[in-house]
Amino acid sequence: MAELDQLKTEARKLNAKATQAKMDLHDLSEDLPTNWERILAVAQVAHDAHAALMAARARVAEAEAAASAKA
C-alpha cells in the first residue's frame, strides 16, 4: 500500500507540473507574435510533462488493480 501512496503522490506532483506547463503554453499563445521563437521549447516542455503524467497515471492504475486483486 505504501508503494501505491508513493505513486499517487508522484502523480499529483506531475499533475501540478503538467498544469503549469499547460498554462505556460497558453500564456505564450496569448502573447503571440511576441516570443514566437519560444513556441517549440514551451510546447516540448508541455508535451514531456503530460507524457510523464500519463505514464504515472498508468502506474497508479496498475498498482490499484494489483491491490484489488490481492484483496
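The values are calculated or read from the model by the stated rules, or taken from the named source; none is laboratory data. Being a predicted model, the structure only gives us computed values, none of them experimental. Don't worry about glycine lacking a Cβ; one is built from the backbone with ideal geometry, like all the others, and counts go over all protein chains shown.
When every residue of the range 8-25 is checked against the conditions, none turns out to be more than 17 Å from the chain's Cα centre (by Cα) and at pLDDT 95 or above.
Within the range 46-71, residues that are touching a residue at least 40 places away in the same chain (Cβ under 8 Å) have Cβ atoms under 7 Å from residues that are of a type in the set (Lys, Arg) in these pairs: Val60/Lys8, counting only partners at least 6 apart in sequence or on another chain.
Out of Ala52, Ala69, one residue alone is surrounded by 12 or more Cβ atoms within 10 Å (Cβ to Cβ) and of a type outside the set (Lys, Arg). It is Ala52.
Residues of the range 26-60 that are within 9 Å of the chain's Cα centre (by Cα) and among the acidic types (Asp, Glu): Asp48 alone. Restricting attention to the range 1-59, the residues being more than 30 Å from Ala69 (Cβ to Cβ), assigned to a helix (DSSP H, G or I) and among the polar types (S, T, N, Q) number 4.
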